[in-house]
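In what follows, a structure is listed as structure tokens, so that the remarks can point back to it.
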Amino acid sequence: MHETTFGLAGVMGWPVAHSRSPLIHNYWLQKYGLGGSYVQLAVQPGQLATALPGLAALGFKGCNVTIPHKVEALKLIRDVDANARRVGAVNTLVVQPDGSLKGMNTDGFGYIQSLLDAQPDWRADAGPVVVLGAGGAARAVVLALSDHGAKEIFLINRTLDKARAMAAEFGSPVKAVAWEQRHAALQSAALLVNTTSQGMHGNPPLDLDLSALPVAALVSDIIYVPLETPLLLAARARGNPTVGGLGMLLNQARPAFEAWFGVLPEVTPELRQLVEATL
Ligand code: ATR
């Protein structure tokens with residue numbers, strides 16, 4: 001194969017062995033008949049600044065960036081798009097023709113697309129949104145919802161100051177709400193999102209009473225291990241439509257693949273099953 005047509009990309013993180021990204025991107029490389037490979041790039045904390053300048057020389061189209069490098073990458077790259085800057089983290093780097101790196105963040109796209117995959121007529125402005133958690137993942141989710149037209153986003157976090165700081169930074173429509181108010185805040189919500197670590201494999205379930213939540217409200221959890229968190233099970237049992245976190249993982253990979261390889265790939269049932277089988 002000719003050198004210039006072989007596409008190389010990867011995921012830079014530490015630890016990185018558990019990442020599902022190689023499975024996803026290598027599936028697409030094969031499906032679209034593209035010569036190339038997506039590899040694990042185990043880069044230790046503190047080594048990012050040394051590793052990044054090597055990408056172009058090694059012939060990489062770019063890479064994903066994951067824990068613990070997502071925030072550090074933003075500081076090291078000069079050319080970061082407006083969305084990633086607002087999120088405060090970079091999850092995708094693209095090698096430019098001149099060898100420099102461009103930084104983006106596709107998590108918000110992935111989240112919105114996962115809702116649309118589940119409910120094609122979903123709209124961000126359908127009613128109030130309740131977001132639990134105010135960490136890194138919440139930033140991408142809240143900004144994406146706001147950019148898609150959500151009129152009211154109640155941001156509820158165990159540490160209220162973090163929710164307040166985010167609300168002040170992002171402005172209207174984001175409003176900080178105390179953790180103790182989380183049960184009552186569900187009243188009239190059209191969408192509920194969990195971005196906390198509660199409910200993840202190895203953690204206790206999210207302590208949330210769904211009684212006040214309208215049965216038509218969409219309930220989403222960005223956790224994908226397990227595929228169905230206790231929150232989603234409880235929501236489904238009372239009749240709410242639900243969306244798990246796997247869709248966000250699969251969909252955040254699509255714009256990255258497009259930026260490197262020139263094809264916006266599809267999330268097929270086959271790909272979903274392939275990844276589910278590893279969870
Ligand atoms: P991520 O990048 O996945 O968002 P993070 O930035 O560490 O990870 O954020 C974790 C989120 O889970 C935070 O909102 C955190 O709340 P605090 O800001 O109060 O720490 C939330 N979280 C973690 N453990 C929690 C618990 N036991 N109860 C409620 N929220 C919790």
Worksheet item: Using alpha-carbon pairs under 8 Å, 6+ residues apart, how would you state the relative contact order of the chain in percent?
Response: 15 percent
Worksheet entry | Net charge contributed by nearby residues that have their C-beta within less than 10 Å of A134 (K/R +1, D/E -1) | +3
Fill in: Entries of K75/K151; K70/K151; K70/K102; K61/K102 with Cα pairs more than 20 Å apart
K75/K151; K70/K151
Discussion item. What aspartates and glutamates does K175 reach when the alpha-carbon gap must be under 16 Å and sequence neighbours fewer than 8 apart in one chain are set aside?
Written reply: D125, D147, E152, D161
Discussion item. For segment 140-221, take the convex hull of the Cα atoms, compute a quarter of its surface area, and give me that in nm², please.
Written reply: 5.5 nm²
Discussion item. Give me the percent of accessible area attributable to carbon and sulfur for segment 176-252, probe 1.4 angstrom.
Written reply: 57 percent
Worksheet item: Using the alpha-carbon atoms, what tilt in degrees (0 to 90, nearest 10) does helix 136-147 show relative to the longest principal axis of the chain?
Response: 80 degrees
Worksheet item: Taking the Cα centre of the chain as the origin, how large is its charge dipole in debye, to the nearest 20, when only Lys and Arg (+1) and Asp and Glu (-1) carry charge on their Cβ atoms?
Response: 340 debye
Worksheet item: How large is log10 I(q)/I(0) at q = 0.07, 0.10, 0.14, 0.17 Å⁻¹ when the Debye formula is applied to the Cα atoms of the chain, each weighted equally and without solvent?
Response: -0.26, -0.53, -1.00, -1.38
Discussion item. Taking the 0 to 90 degree range and rounding to the nearest ten, how far is the long axis of helix 107-118 tilted relative to the main principal axis of the chain, both from C-alpha atoms?
Written reply: 60 degrees
Discussion item. Accessible area per residue for the chain in Å², computed with a 1.4 Å probe and the full protein assembly in place, what is it?
Written reply: 45 Å²
Worksheet item: Looking at the chain, what % of its DSSP beta bridges pair antiparallel, to the nearest 5?
Response: 20 percent
Practice prompt. Note down the Stokes-Einstein diffusion coefficient of segment 1-152 in µm²/s, whole number, using a Kirkwood radius over alpha carbon pairs, 37 °C, and 0.692 mPa s.
Written response: 196 µm²/s
Fill in: Accessible heavy-atom area order of Y38, Y32, Y27, highest first, probe of 1.4 Å
Y32, Y27, Y38
Practice prompt. For the chain, build the charge dipole from Cβ charges (+1 Lys, Arg; -1 Asp, Glu) around the Cα centre, then report which of V263, T242, S146 sits farthest towards its positive end.
Written response: S146
Worksheet item: Where the convex hull is taken over the Cα atoms of segment 160-279, what is its projected area averaged over directions, in nm²?
Response: 9.5 nm²
Worksheet item: At a 1.4 Å probe radius, carbon and sulfur cover how many percent of the accessible area of segment 47-119?
Response: 56 percent
Response to the item:
If one compares the long axis through the Cα atoms of helix 160-170 with the longest principal axis of the Cα atoms of the chain, the angle in degrees, nearest 10, works out at 60 degrees
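The values are calculated or read from the model by the stated rules, or taken from the named source; none is laboratory data. Just so it is clear, the structure is predicted and the values come from calculations on it, not from any experiment. Here Cβ is always computed from backbone atoms with ideal geometry, including for glycine, and neighbour counts include all displayed protein chains. In case anyone asks, the SASA skips ligands and DNA or RNA and just uses the protein heavy atoms, side chains included. Shrake-Rupley method; radii C 1.70, N 1.55, O 1.52, S 1.80 Å.
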